[in-house]
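Here's the structure, in structure tokens; my notes come after.
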Amino acid sequence: MRTRVLAVDAEHPAEEVLQEAGAALRRGELVAFPTETVYGLGANAFDPRAVRAVFAAKERPWNDPLIVHLADMSDLPPLVARLPDAVHALAAFWPGPLTVVLEKSARVPEEVTAGLPTVAVRFPAHPVARGLIEAAGVPVAAPSANRLSRPSPTCAQDVLEDLDGRIPRVIDGGRTVYGVESTVVDLSGERPVLLRPGAISAEDVSSHLPDLVTSPPAPNGEAFASPGLLTRHYSPRARLALFVGGTAAERAGAMKQAVARWIAAGTRVGVMLPSEQLLAFDGMAISRATLGRSGVVEEAARRLFGAMRALDRAGVEVIAASGYDLEGLGRTLQDRLLRAAEGRVIAVGR
Ligand code: AMP
Ligand code: MG
């Protein structure tokens, strides 16, 4: 299969492209497309065969459910058994990178929800995603458009790196805005639960839902509540070593020592840090990937997955990265880094 790349303007995507891709979705073909979080691999959510093709292209395990993307609030009621009040409290975030888990209706095929009695839904804000879903005229089930356990794609090139020749088309709308996946909140139980920290901070969700249950990510990346939140996820091919604790300066010092040891042992090393902190590694034979300006977590989020992919392309065997405080987007960054580290966490200053 040849994968076609359809380039569009992110703000004003050409209507012909949206109509053509929307029609393809409706008849059961797959379309990769940009959202404000990461690129998604979409299928007609009402077509079980199309949904199975998404799992096959990604090599995604069948027990990891997909998020259903809608263009309009009026498309939601047919998909769910009931609409709890909390949905209205969270409507302030729509369209945008917030996903809610609700009791599903019979309309939603079990392929989409991995057999669960609940369905995850969101209303993307990206003009390409919205235009495409509208053109398709059906809800679009879409996970991130990456191969199993790879970092999520934040540009069309990342999608091709993983799925070229495995899907018929990708709409290229440039880089995504947030760079990390949506925040997932489960509203199907007695109390709302944060299942996955994401592009909207837990604090922002809590300000609309004061009884939100959030539990900090386990340091070893285990014990995540959501099915399919596989421990090994978002990972580069290289081993990632995550330095946590201490002050930023203590972490940088410990990283520098470890990096020097690895280089001496003949290991190819990559370092992923804000530009200013990369300066400390001047003169060392490493590959570098910047996470933007120091202290600007939005920039780190936008660059995180691209940095992992760039260091993989550079052929490093180990990536050194620094942890984040569980505050605002820091919680999301720490969650993704812990999963990528798969337990290789180095505590500093204790
Ligand atoms: P992805 O778009 O690749 O980030 O994957 C979607 C994620 O949404 C899954 O891995 C789940 O963690 C979450 N999700 C989707 N549906 C449900 C559901 N019914 N219950 C809980 N979590 C869900
Ligand atoms: Mg994913």
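If a residue has to be touching a Leu at 6+ places or on another chain (Cβ under 7 Å), among the small types (Gly, Ala, Ser) and at pLDDT below 95 to count, how many in segment 208-263 make the cut?
So the count comes out to 3.
Given the criteria modelled with pLDDT of 95 or more, under 19 Å from Arg302 (Cβ atoms) and away from ligand 2 (no atom under 16 Å from the Cβ), does Ala125 qualify?
Yes: the conditions hold for Ala125.
Might you check whether a residue that is hydroxyl-bearing (Ser, Thr, Tyr) and more than 22 Å from the chain's Cα centre (by Cα) occurs anywhere in segment 33-44?
No, there is no match, as no residue in segment 33-44 is hydroxyl-bearing (Ser, Thr, Tyr) and more than 22 Å from the chain's Cα centre (by Cα).
Taking the condition of being assigned to a helix (DSSP H, G or I) and touching a helix residue (DSSP H, G or I) at 6+ places or on another chain (Cβ under 6 Å), how many residues in segment 310-330 meet it?
Residues that pass the stated criteria total 2.
Quick one: which strands (runs of 3 or more DSSP E) sit completely within segment 101-212 and have at least 2 residues that are within 14 Å of ligand 1 (Cβ to nearest atom) and either closer than 20 Å to Gly22 by Cα or not basic (Lys, Arg) (or both)?
The qualifying strands (runs of 3 or more DSSP E) are 118-122, 140-142, 183-186, 193-196.
Looking at this structure, is Val185 more than 18 Å from Arg302 (Cα to Cα) and over 17 Å from the mean Cα position of the chain (by Cα)?
Answer is no for this residue.
Identify, please: which residue in segment 63-86 is farther than 24 Å from Pro127 by Cβ and in contact with a strand residue (DSSP E or B) (Cβ under 7 Å, 6 or more places away or on another chain) and is, among those, farthest from ligand 2 (Cβ to nearest atom)?
Per the stated criteria, the residue is Arg82.
Considering only residues of segment 128-168 that are basic (Lys, Arg) and within 16 Å of ligand 2 (Cβ to nearest atom), which is surrounded by the fewest Cβ atoms within 10 Å (Cβ to Cβ)?
Per the criteria, the residue is Arg147.
Spot the failing condition for Glu36; the list is (1) within 29 Å of Ala199 (Cα to Cα); (2) away from ligand 1 (no atom under 16 Å from the Cβ); (3) surrounded by 15 or more Cβ atoms within 10 Å (Cβ to Cβ), and only one is missed.
All conditions pass for Glu36, except number (2).
This table checks each residue for (1) among the charged types (D, E, K, R); (2) part of a loop (DSSP other than H, G, I, E, B); (3) farther than 30 Å from Arg147 by Cα.
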site	(1), (2), (3)
Gln257	no, no, yes
Gly295	no, yes, yes
Glu298	yes, no, no
Ala307	no, no, no
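If you go through segment 35-89, how many residues are within 23 Å of Pro151 (Cβ to Cβ), in contact with a Pro (Cβ under 7 Å, 6 or more places away or on another chain) and free of Cβ contacts under 8 Å to residues at least 24 places away in the same chain?
0
What's the number of the condition Thr118 fails, among (1) out of contact with any strand residue (DSSP E or B) (no Cβ under 6 Å at 6 or more places or on another chain); (2) surrounded by fewer than 24 Cβ atoms within 10 Å (Cβ to Cβ); (3) more than 24 Å from Glu15 (Cβ to Cβ)?
Thr118 satisfies all of (1) out of contact with any strand residue (DSSP E or B) (no Cβ under 6 Å at 6 or more places or on another chain); (2) surrounded by fewer than 24 Cβ atoms within 10 Å (Cβ to Cβ); (3) more than 24 Å from Glu15 (Cβ to Cβ) except (1).
Scan segment 77-88 for residues that are part of a loop (DSSP other than H, G, I, E, B) and within 15 Å of Thr113 (Cβ to Cβ) and jot them down.
Across segment 77-88, the qualifying residue is only Ala81.
The values are calculated or read from the model by the stated rules, or taken from the named source; none is laboratory data. Just so it is clear, the structure is predicted and the values come from calculations on it, not from any experiment. Every residue, glycine among them, receives a Cβ derived from its backbone with ideal geometry; neighbour counts consider all protein chains shown.
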